[in-house]
Structures are given as structure tokens and as C-alpha cells.
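Asks: Below is a structure I'd like to ask you about.
The values are calculated or read from the model by the stated rules, or taken from the named source; none is laboratory data. Given the structure is predicted, the values throughout are model-derived calculations rather than measurements. Cβ coordinates were reconstructed from backbone atoms using ideal geometry, including for glycine residues, and neighbour counts include every protein chain displayed. What goes into the accessible areas is simple: the full protein's heavy atoms, side chains included, and nothing from ligands, DNA or RNA. Shrake-Rupley method; radii C 1.70, N 1.55, O 1.52, S 1.80 Å.
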Amino acid sequence: ATAAAAAAEAVEAILSGVSEACCVKWEPLPDTPTMYADPDTIYGELEPQPGLRLVPPVRLLRSEWVVARAAQLRAVPADRRRALTLPRRQELEVLEPSAYYSAEEVKALPRGPRNAGFPMAVLAVSHSWESEEHPDPHGRTLLMLADAITTAQAIQVSKGPYTWQTLPSRVAVFFDFCSLFQPPRAKEEPPIGEGPTMALRAALTRMQVWYAHQLTTCFFVTDGNTETANDGSHTPYHERGWPTFEYHVSAIGKAITSSGWPQLVDVGLGVDTLFERGVPLTPAALEHLLESKRFTDGTDHGLVLSLYKKTVSSRA
């Protein structure tokens, strides 16, 4: 009961923070039995919203930009790579607005085949953060992600008599550091502003959608940060709270069919290795599992547990 109450309080605090700040009454999108199969659930997260000062909660990167950025990073010496690591959303929108798809462009991306349920060309990346200030300060996750995208676009995965399609040549990429506004990480940093703050809070209340939606594809960068500093500051993927949640919530509703491309990919194991999905965890089992995981912000424990429970209940 205590954990459930904490989870409810965590979500309520975020929701009330958005509502109180909005000049127009903002209401979270309702949870419905069809929300994880409806493409409008995804599109709605990308639209400017009046109650959030016309700021979209989420922006999606162009996969070709991700690949090009990784190529630039790979071409320079290691001691100069910091300048080419992924910027935060509030910086990237100003410096390279063309890195993002517009909502209308995402809607126009070709969908997968009918027999696979018309999957969307939307890729959600699950990864651990190497530091509290930046998830990938040396660009290792970026390089792994770019390699995984290009490989998945080039090769077909087979198992027995079944062969899956390749990933589309253009996909819209959800990467939290670039897709969501980021709060200040240091005392000397200025606040990000009212609109971005509200957009971030709104996005956090729907984070499960990117991984649990039936039509998105999930890449799990399970060992993207193995070459970390010797100070022991990095916690591996499967020992982190948010990645554990993302990994397990994605297993609830994804279809496993060779009619389309693989929608669950463990990048650490290899793009050419078919993902073996286990039985989805019950909320109680996930709650127990999360007790041993690390969260940078302790209040996130209640939030991810609440989001998982909402996902399970909406599909019951």
C-alpha cells in the first residue's frame, strides 16, 4: 500500500505542477484500452499543445541525422569528441532544427505491412545514463545506436523458415536527452522556461507510451557504456531503474511476427539476434525488481511503477 501510494503521489505531483503553471487548463490525455494500438497516441505527443504554451511535449530525431552525427563523431580524435556528443533538446532545436521531424512529417512516414499491423517508423531508444549531467558524454551510445540503425536497415533477421523485413530507411527516433526538454543539471544553469518545463512534466506522465505502444520499435542499448571511467560512477543498463522499466513495459503488447521488421532489438546482443521476450512481469513483480535498481532521482521510482501499473491495467 505504501509503494502504491508513493507511486500515485509521484504522478499527481507532476500533473498538478503542469496544471497550475498552464495559462490554459491542461488535461492529460485519457488512458483508453486502444491507446497502445492507436497511432494518434504517438502523434498527439508531437503536436504543439495550447495548454503547454504551444510547445510539443516530445520531438523525434531523424535517423539519418543520428547516423551522420555518429559519423562526424567517429572521424575526430577521442579527445575532441565531447563537442560532437548529443545536445539537449533545448540546444539542438536552436542549433540544428533540421535534426527533428515535424509532427506532420512523422505522420507521412511509410508504415509497415498490413500483416504486421501497420507498424510505424518510430524507434524508441532505451539506454542507461553514464552521468547525471549527460547520458553519453563520450559518444559511445550514439555510435552503438547509429551502427544498430544502419545494420537493421541493411540485413534481414532469420530464424528457421521465417525471415523478417529490414528496418525502414527513414525512422523517427525517440532519444530522451534530445526528445524531451532537460532540466538544469548544475546550480549555475538558468531555468529552461515555463513552456519547456510544462512540456517536460507532461511528457513524463506518458513515458510508457514510447515503449509499450504496439506500433513502435524499441532498441535496448544494453551495454552501450561499458568503457566507463574508473571512478565506478556508471551503473550498467540492467541495474538502472528507468531502463528496467522500459525493457519490461515494452514486452507487454508488442507483436512478434515475421511479417514486418523486428520491433524489439537488444543492441548489446546484436541486431542480427532475434529478441527473446519473456513473460511480462506483474506490477508486483516489477515493484520487487525495482527495489534493487538505481534511480538518479529517488522520486522516479514511484513514477515508473505507476506508469507500469497504468499500462497493465489499460490492457487487461
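Asks: Under a plain spin-label model, where a point goes 7 Å from the Cα along Cα-to-Cβ, how far apart in nm are THR151 and ARG114?
Replies: For THR151 paired with ARG114, the spin-label model returns 3.4 nm.
Asks: Averaged per residue, what accessible surface does segment 125-208 expose to a 1.4 Å probe, in Å²?
Replies: Here the residues of segment 125-208 average 40 Å² of exposed surface.
Asks: Along each of its three principal axes, how wide is the spread of alpha-carbon positions in segment 39-164, in whole angstrom units, largest first?
Replies: 47, 47, 24
Asks: Please state the relative contact order of the chain as a whole percent: Cα pairs under 8 Å, 6+ residues apart?
Replies: Relative contact order comes out at 25 percent.
Asks: Shifting gears a bit: Listed highest first by mean packing, meaning other Cβ atoms within 10 Å per residue, what order do 68-77, 192-201 come in?
Replies: For the peptides 68-77, 192-201, the packing ranking is 192-201, 68-77.
Asks: What is the local net charge at GLY117, summed over the other residues whose Cβ is closer than 14 Å to its Cβ (Lys, Arg +1; Asp, Glu -1)?
Replies: Counting the neighbours of GLY117, the net charge comes to +2.
Asks: Please compute the volume of the convex hull spanned by the alpha-carbon atoms of segment 110-253 and report it per residue in Å³.
Replies: Per-residue hull volume (Cα only) is 144 Å³.
Asks: Here's something else I'd like to know. Checking the a/c ratio against 1.5 first, then a/b against b/c, what shape does the Cα gyration tensor give for segment 134-211?
Replies: It is prolate, given that a/c is not under 1.5 and a/b is the larger ratio.
Asks: Turning to a different aspect of this structure: Per the helix-only calculation at 222 nm, which mean residue ellipticity applies to the chain, given -39500 (n - 2.57) for every DSSP H run of n ≥ 4 and division by its residues, nearest 500 deg cm²/dmol?
Replies: Rounded to the nearest 500, it is -11000 deg cm²/dmol.
Asks: In what sequence, highest mean first, do 95-106, 138-149, 253-264 appear when ranked by Cβ atoms within 10 angstrom?
Replies: So the order, starting with the most tightly packed, is 138-149, 253-264, 95-106.
Asks: Let me ask another. Measuring from centroid to centroid over Cα atoms, what is the spacing of segment 173-190 and segment 117-150 in Å?
Replies: 15 Å
Asks: If you don't mind, there's one more thing I want to ask. If Lys and Arg each add +1 and Asp and Glu each add -1, what is the summed charge of the other residues whose beta carbon sits under 15 Å from the beta carbon of GLY270?
Replies: Residues close to GLY270 contribute a combined charge of -4.
Asks: While we're here: Pop a pseudo-label 7 angstrom from the Cα along the beta-carbon direction at both ASP38 and GLU64 and give the gap in nm to one decimal.
Replies: About 3.3 nm, to one decimal.
Asks: Percent of alpha carbon pairs in segment 162-316 separated by more than 23 Å?
Replies: Considering segment 162-316, 45 percent of its Cα-Cα pairs are separated by more than 23 Å.
Asks: Using square roots of five times the C-alpha gyration tensor eigenvalues, list the equivalent-ellipsoid semi-axes of segment 36-105 in whole Å, biggest first.
Replies: Semi-axis lengths for segment 36-105 are 29, 14, 9 Å.
Asks: If one computes P(r) from the Cα atoms of the chain, what percent of pairs lie at distances over 32 Å?
Replies: For the chain, the share of Cα pairs beyond 32 Å comes to 24 percent.
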